[in-house]
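The values are calculated or read from the model by the stated rules, or taken from the named source; none is laboratory data. A quick note: this is a predicted structure, and the numbers were derived from the prediction, not measured. Here the Cβ positions follow ideal geometry from the backbone for every residue, glycine too, while neighbour counts run over all protein chains shown. Just so you know, the surface numbers come from the protein's heavy atoms only, side chains and all, with ligands and any DNA or RNA stripped out. Shrake-Rupley method; radii C 1.70, N 1.55, O 1.52, S 1.80 Å.
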Amino acid sequence: MRKLLASLAITMGAVGTAHAQTDYQAEADASAGQEMAQTCAACHGQQGISPSGAFPNLAGQQMSYLAKQIMDIRDGDRVVAQMAGQVDDYSDQDAWDVAAFYAGQDANLGQTSDEDAELLARGEELYRSGDMAKGIPACTACHTPTGAGIGSAIYPALSGQHPEYTISTLQDFASGERANSPNNMMGDIASKMSDGDMEAVANYLLGLN
């Protein structure tokens, strides 16, 4: 009986959280988010396309994913040195407002070089088919064939992302420095990828539109 009650409590808690997220998303104000995002422009660009590969493009990102990342950084569940103090005073609604602004911007359209054909072929193979010998699943299952991500599952958009940022993110997941994906799924996947695999996927994602 105790196990049943505990299971019910967990389920009800998850349902309550989902409803709260839906409420915040429904009430998200992109205009308010744009105003708050002015301080983000130095690293992420005025419209969410970063001028540097050290910082991620945020334009066109799934709103649910971006709101979660902002709140994770605020709450210390994800440590980003460059973001120290930047979102400490954000409310949950602030996070959703900023996420709504960036989600409404046109995503970056990256281009890859024909000189990297072999690297891109390996990246496409990993993204679309995975590598069963290494236990690496296809990225498309969570991030879709076009790299748009799945907002309802809080899976991020990846298309057009800077390769440098994608590689550093995969490295952080692999090392355990970052562990805020559901059930640490990305930590398990990234730990099976070689440096070459990470580079290949990252460069393929740049030109995936």
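Structure summary
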{"read-out": "Residue that is within 28 Å of Thr22 (Cβ to Cβ), outside any loop (DSSP other than H, G, I, E, B), open to solvent by less than 40 Å² (accessible area, probe 1.4 Å) and at pLDDT 95 or above, where the choices are Tyr102, Tyr204", "value": "Tyr102"}
{"read-out": "Close pairs (6 angstrom Cβ cut-off, 6 or more residues apart or separate chains): closer than 18 Å to Ala157 by Cα in the stretch 43-58, among the hydroxyl-bearing types (Ser, Thr, Tyr) and part of a loop (DSSP other than H, G, I, E, B) anywhere", "value": "His44/Ser50; Asn57/Ser50"}
{"read-out": "Some residue of the stretch 195-204 being out of contact with any Lys or Arg (no Cβ under 6 Å at 6 or more places or on another chain), of a type outside the set (Ser, Thr, Tyr) and within 20 Å of His44 (Cα to Cα)", "value": "yes"}
{"read-out": "Whichever residue in the stretch 122-147 is aliphatic (A, V, I, L, M) and free of Cβ contacts under 8 Å to residues at least 24 places away in the same chain and, among such residues, is nearest to Tyr65 (Cα to Cα)", "value": "Ala141"}
{"read-out": "Within the stretch 1-55, helices (runs of 4 or more DSSP H) holding 2 or more residues that are modelled with pLDDT of 60 or more, of a type outside the set (A, V, I, L, M) and closer than 24 Å to Ala84 by Cα", "value": "30-36, 41-44"}
{"read-out": "Qualifying residue in the stretch 142-153 (condition: touching a helix residue (DSSP H, G or I) at 6+ places or on another chain (Cβ under 6 Å) and open to solvent by 30 Å² or more (accessible area, probe 1.4 Å))", "value": "no"}
{"read-out": "Filter result for Gly196 (in contact (Cβ under 8 Å) with a residue 24 or more places away in the chain and in a helix (DSSP H, G or I))", "value": "yes"}
{"read-out": "Of all residues in the stretch 160-186 being in a helix (DSSP H, G or I) and in contact with a helix residue (DSSP H, G or I) (Cβ under 6 Å, 6 or more places away or on another chain), the one that is surrounded by the fewest Cβ atoms within 10 Å (Cβ to Cβ)", "value": "Ile167"}
{"read-out": "Filter result for the condition that a residue is out of contact with any helix residue (DSSP H, G or I) (no Cβ under 9 Å at 6 or more places or on another chain), hydrophobic (A, V, I, L, M, F, W, C) and assigned to a helix (DSSP H, G or I), over Ala107, Ala117", "value": "Ala117"}
